[in-house]
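We did not get these values from a lab; they are worked out from the coordinates using the rules stated. The structure presented is a predicted model; accordingly, all values stated were derived computationally and were not measured. So basically every Cβ, Gly included, is an ideal-geometry build from the backbone, and we count neighbours across all protein chains shown.
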Amino acid sequence: MEIPMRKITHLVVHCTASPASATKEGILNYWRETRGWNVAGYHVLIEASGLCHRLVPNEHPSNGVRGHNAHSLHVSYIGGIDAKGKPKDTRTPQQKRELLRILRAWKQAHPKAVIVGHRDFPNVQKACPSFDARKEYAHL
């Protein structure tokens, strides 16, 4: 039985706020063990190489932004901090290409959805995704 698609109002860009060398397994383990989550934080996770991992089907909410998941899709690149742990746009050309590809596809499927960064939601005290996603993807 096919699950109907949710009404999507936001396409949210994230960074993992980890070194670019972090692994999918390490990130998933952190969510399970430290955060106690049963559901991943993003629908898609992008490695530095550009390899994409589907973590949650688009038809289901993820744990991307508290209070805003029912109507959002979430994509993240691995990275987003410098060697001292400070926010920094560390996207590789491959990650930039994949982010653009995913957001274009999602925007085509949900033309009224707004592209934002995690930091653009009210009461979010994070730099995530360490760049201005609204400005960068305004042309979509």
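A simple charge model with +1 on the Cβ of Lys and Arg, -1 on the Cβ of Asp and Glu and nothing else charged puts the dipole of the chain at about 300 debye relative to its Cα centre. Considering only Leu55, Ser72, Thr16, the residue lying farthest towards the positive end of the dipole of the chain is Ser72, judged by Cα position with unit charges set on Cβ. Which listed residue (Ile102, Ala133, Leu45) has the Cα farthest towards the positive end of the charge dipole for the chain, taking +1 on Lys and Arg C-beta and -1 on Asp and Glu C-beta about the Cα centre? Of Ile102, Ala133, Leu45, it is Ala133. Other residues lying with their Cβ under 11 Å from the Cβ of Asp120 contribute a combined charge of +3, Lys and Arg counting +1, Asp and Glu -1.
List the chymotrypsin sites (Phe, Trp or Tyr not before Pro) within the range 36-140 that DSSP assigns to loop and that have no more than 16 neighbouring Cβ atoms inside 10 Å. Those that pass, being in a loop and sparsely packed, are Trp37. The residues Ser62, Ser49, when put in order of fewest to most other Cβ atoms within 10 Å, stand as Ser49, Ser62.
Dividing the mean sequence gap of close Cα pairs (under 8 Å, 6+ apart) by how many residues the chain holds gives a relative contact order of 32 percent. Considering only DSSP beta bridges with both partners in the chain, what is the antiparallel share in %, to the nearest 5? If I count the DSSP bridges inside the chain, around 20 percent turn out antiparallel.
As a proxy for reagent exposure, ranking His74, His139, His60, His68 by other Cβ atoms within 10 Å from fewest up yields His139, His60, His68, His74. Legend: distances between Cα atoms for Lys24/Lys84; Lys24/Lys86; Lys88/Lys126; Lys7/Lys107; pairs beyond 18 Å are Lys24/Lys84; Lys24/Lys86.
Taking the number of Cβ atoms within 10 Å of each Cβ as an exposure proxy, the fewest-first ranking of Lys112, Lys24 is Lys112, Lys24.
Working note: Debye formula, equal point scatterers on the alpha-carbon atoms of the range 36-131, no solvent; log10 I(q)/I(0) at q = 0.15, 0.22 Å⁻¹ is -0.61, -1.33. For the chain, adding -39500 (n - 2.57) for each run of n ≥ 4 DSSP H residues and dividing by the number of residues yields -5500 deg cm²/dmol at 222 nm. For the range 1-84, GluC sites (Glu not before Pro) are listed when DSSP marks them as loop and at most 14 other Cβ atoms sit within 10 Å of their Cβ; the list is Glu2, Glu59. Put a plus charge on the Cβ of each Lys and Arg, a minus charge on the Cβ of each Asp and Glu, and nothing anywhere else: the dipole of the range 32-82 about its Cα centre is then about 160 debye.
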